[in-house]
Amino acid sequence: MEYTLNCSPKVLFSRLSTPEGLSEWFADNVNVEGDIFTFLWEKSESKARLAAYKENKFVRFEWIDMENDESNYFEFRLSVEELSGSVALIITDFADPEEKEDAVYLWDSQITDLKRALGI
């Protein structure tokens, strides 16, 4: 999925890669210990390892409870359009075909929360 956001890549990237930033829009609370991020939502908890990171470019998290699954990760990637300066947030995530519509709705809702956190 791709979303266009009118903000600086540096400001956006901090919301995608830090526990404080992710707690503003992605999960109710996020804790980190080493390279393990614990995401807390109401009554559920999931852990992911920070698998790849390039500052202001992309961040990839691999779900720990799905280690043997090739679709065990989600990724945030930033793309800056040189002429206009607009920033695209490209999200890679996986869902079963019957869950795709729900997943798109969830990401749309999360991005609305992200825009609110960014003040845009």
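The values are calculated or read from the model by the stated rules, or taken from the named source; none is laboratory data. Everything quoted here is computed from the prediction, not taken from an experiment. Positions of Cβ are backbone-derived with ideal geometry, glycine not excepted, and every protein chain shown enters the neighbour counts.
Tabulated values for the structure
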quantity	calculated
Count of the stretch 32-47 residues which are loosely packed, with under 15 Cβ neighbours inside 10 Å and out of contact with any Lys or Arg (no Cβ under 8 Å at 6 or more places or on another chain)	9
Residue among Lys47, Lys115, Lys100 that alone is within 15 Å of the chain's Cα centre (by Cα), basic (Lys, Arg) and in a helix (DSSP H, G or I)	Lys115
Residue in the stretch 60-71 that is within 13 Å of the chain's Cα centre (by Cα), in contact (Cβ under 8 Å) with a residue 40 or more places away in the chain and surrounded by 12 or more Cβ atoms within 10 Å (Cβ to Cβ) present	no
Residue that is closer than 13 Å to Arg15 by Cα and basic (Lys, Arg), where the choices are Lys47, Lys43, Lys57	Lys57
Filter pass, Phe74 being within 19 Å of Glu20 (Cα to Cα), surrounded by 14 or more Cβ atoms within 10 Å (Cβ to Cβ), among the aromatic types (Phe, Trp, Tyr) and modelled with pLDDT under 95	yes
Residue in the stretch 15-24 that is small (Gly, Ala, Ser), surrounded by fewer than 15 Cβ atoms within 10 Å (Cβ to Cβ) and either outside any helix (DSSP H, G or I) or out of contact with any helix residue (DSSP H, G or I) (no Cβ under 6 Å at 6 or more places or on another chain) (or both) present	no
Residues of the stretch 47-65 satisfying the condition of being of a type in the set (A, V, I, L, M) and in contact with a Ser or Thr (Cβ under 9 Å, 6 or more places away or on another chain)	Ala48, Leu50, Val59, Ile64
Matching residues in the stretch 80-97 - criterion: being at pLDDT 90 or above and over 14 Å from the mean Cα position of the chain (by Cα)	Val80, Val87
Failed item, numbered, when Phe94 is tested on (1) surrounded by 13 or more Cβ atoms within 10 Å (Cβ to Cβ); (2) touching a strand residue (DSSP E or B) at 6+ places or on another chain (Cβ under 7 Å); (3) in contact (Cβ under 8 Å) with a residue 12 or more places away in the chain	(2)
Criterion: closer than 24 Å to Leu118 by Cα and without any contact (Cβ under 8 Å) to a residue 12 or more places away in the chain - qualifying residue of Glu20, Glu42, Glu33, Glu75	Glu20
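For (1) modelled with pLDDT of 95 or more; (2) touching a strand residue (DSSP E or B) at 6+ places or on another chain (Cβ under 7 Å); (3) not β-branched (Val, Ile, Thr), each residue gets a yes or a no:
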| position | (1), (2), (3) |
| --- | --- |
| Thr4 | no, yes, no |
| Lys10 | no, no, yes |
| Leu16 | yes, yes, yes |
| Pro19 | yes, yes, yes |
| Leu22 | yes, yes, yes |
| Asn31 | yes, yes, yes |
| Ile36 | yes, yes, no |
